[in-house]
1. With r as the distance between the Cβ atoms of VAL56 and GLU100 and R0 = 25 Å, compute the FRET efficiency 1/(1 + (r/R0)^6) and round to 0.05.
2. Rounded to whole Å and sorted largest first, list the principal axis extents of the Cα atoms in the chain.
3. Taking H as built 1.01 Å from N, whose amide H comes closer than 5 Å to the amide H of VAL22, not counting residues under 5 places away?
4. For region 207-217, take each phi angle, set θ = phi - 60°, evaluate the Karplus expression 6.51 cos²θ - 1.76 cosθ + 1.60, and give the result in whole Hz per residue in order, putting x for glycine and proline.
5. Amide H neighbours of THR171 under 5 Å, counting only residues 5+ apart in sequence or on other chains, H built in-plane at 1.01 Å?
6. What whole number of Å gives the distance from the Cα centroid of region 57-102 to the Cα centroid of region 16-52?
7. Taking the Cα centre of each part, how many Å lie between region 142-177 and region 209-256?
8. Over every pair of different alpha-carbon atoms in region 49-94, take the mean of 1/r and invert it; report that Kirkwood radius in Å.
Amino acid sequence: MSDAPLLSLRNVSISFGGVRAVHGVSLELRKGELVGLIGPNGAGKSTVLNLISGSVRPTEGDILFKGKSIVGLRPDVLSRIGISRTFQNIRLFPQMTAFENVALGIHGKPLYSFAESFVRTRRAWRAEAEVRERALSLLELVDLTRYAKERAGSLPYGLQRRLELARAMATGPELLLLDEPAAGMNEDECGSLVELIRRIHEESSYGMILIEHHMNVVMELCADSLIYVLNLGEILASGSPREVQADQRVIGAYLGAKRSANERRRRRIS
């Protein structure tokens, strides 16, 4: 693992209509490292991923990828230079097959010119063969080979989650942002996903940031890694899973969020 950070957030802040969503967040990630980002609902976790992936631009601070500022770059540019992500809400092309969804991700980086595609040059044929091989290898990695010709929208929810992960890897990233990959999954599906993400991490050199509400998923995947805890848009704590779980500030933040949710629920009922 390299000592130089793959990703650095330096005092990053953003506000929406006067509401401070993220304030003074600083964190680092090195090549091949997997870190967790947790916190109560509304803590700003997905906003941090949106900042890194270029969906929104910080009002303060800087974001460095491989030592260079990426603030202001479009998401498609960031994808081409090595940053990819999944989303809380699955974003597949439902009418396309599983294979086509992954192949489309590979085509995110130009492989040949329009003229070459029109006349079908040898280079274009070779590139298409490589796309097919790469797409099928990714489907195999996420155990979806037998569903290659199935429409993405017809796949069970858990398999769609796996397909979105394969498509995110199709761009050939160095940094993979996982926004609640286990959302909506049952316990068995979560266990299977943990094994899949662990295998991907062990076999690749991806840097990974994982947001997840399933604490067992985070604690298992980040057992030997750092976890950042976000609350009210700020880094509340960071450390190993054991340190984070024992931190009274973290316990208080989660209990406070749960208490507020229960109070809102009681008001609706009454």
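Every number here is computed from the coordinates shown, using simple stated rules; none is lab data. Source: prediction; values computed, not measured. Glycine also receives a Cβ, built like all others from the backbone with ideal geometry; neighbour counts cover every protein chain displayed.
1. Efficiency, rounded to the nearest 0.05: 0.30.
2. Sorted from largest, the Cα extents of the chain read 64, 40, 37 Å.
3. Those qualifying (amide H under 5 Å, at least 5 residues apart or on another chain) are ILE14.
4. x, 9, 10, 10, 9, 7, 8, 6, 5, 5, 5
5. none
6. First find each Cα centre; the distance between them is then 15 Å.
7. If you average the Cα positions of each part, the centres end up 27 Å apart.
8. Over region 49-94, the inverse of the mean reciprocal pair distance is 11.5 Å.
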